[in-house]
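The values are calculated or read from the model by the stated rules, or taken from the named source; none is laboratory data. Owing to the predicted nature of the structure, the values given are computational and were not obtained by experimental measurement. All Cβ positions, even for glycine, are placed from backbone atoms using ideal geometry, and neighbour counts span all protein chains on display.
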């Protein structure tokens, strides 16, 4: 199931790359623009805090804390996704940055950053995480039956990565109660691969 996270209010340009999120989401990392006039009437005073749900179930929040300042767009794909696509645009609608947070706090995959003239660079946050990455962690959580499961529970995840130790950490909550804290190293990843 390919997943493209572009709204009708965003004009896309040439694709530079994508970030893949298990199980089978692809987030294009592109230089795009935001049609700021679409949101001009959505301000309440000087604050923009507008949200809607796309037909594919993606929840979109558009925020700006002062007219004439940068605009942030938060896209939350539907279940089973736990990642967040983050975009920030200059007041004129040109892209400042775009990338993926897992779930909402850890930068993963490739991020694009652009200056006000439209010159862009792509940074791969997986460089240095060469032993294994976040997609293997999501696969492991699925193996443990915490992720990508429709068991009626409200699962929540908090991720961190320690570069000096090449160690991932995941705190798993169910219905707002902490039930597990998992530390994953290359060894635990090799055990997971043998089990699947």
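Just name the residue that is modelled with the highest pLDDT out of those in segment 7-22 that are surrounded by 14 or more Cβ atoms within 10 Å (Cβ to Cβ) and outside any strand (DSSP E or B).
22
Filter segment 81-97 down to the residues that are in contact with a strand residue (DSSP E or B) (Cβ under 6 Å, 6 or more places away or on another chain), within 10 Å of residue 69 (Cα to Cα) and either at pLDDT below 95 or not in a strand (DSSP E or B) (or both) and list them by number.
90
May I ask you to verify whether residue 103 is under 19 Å from residue 184 (Cα atoms) and touching a residue at least 12 places away in the same chain (Cβ under 8 Å)?
yes
Quick test for you: out of 113, 126, pick the one residue that is without any contact (Cβ under 8 Å) to a residue 24 or more places away in the chain and assigned to a loop (DSSP other than H, G, I, E, B).
One residue alone meets the criteria, 126.
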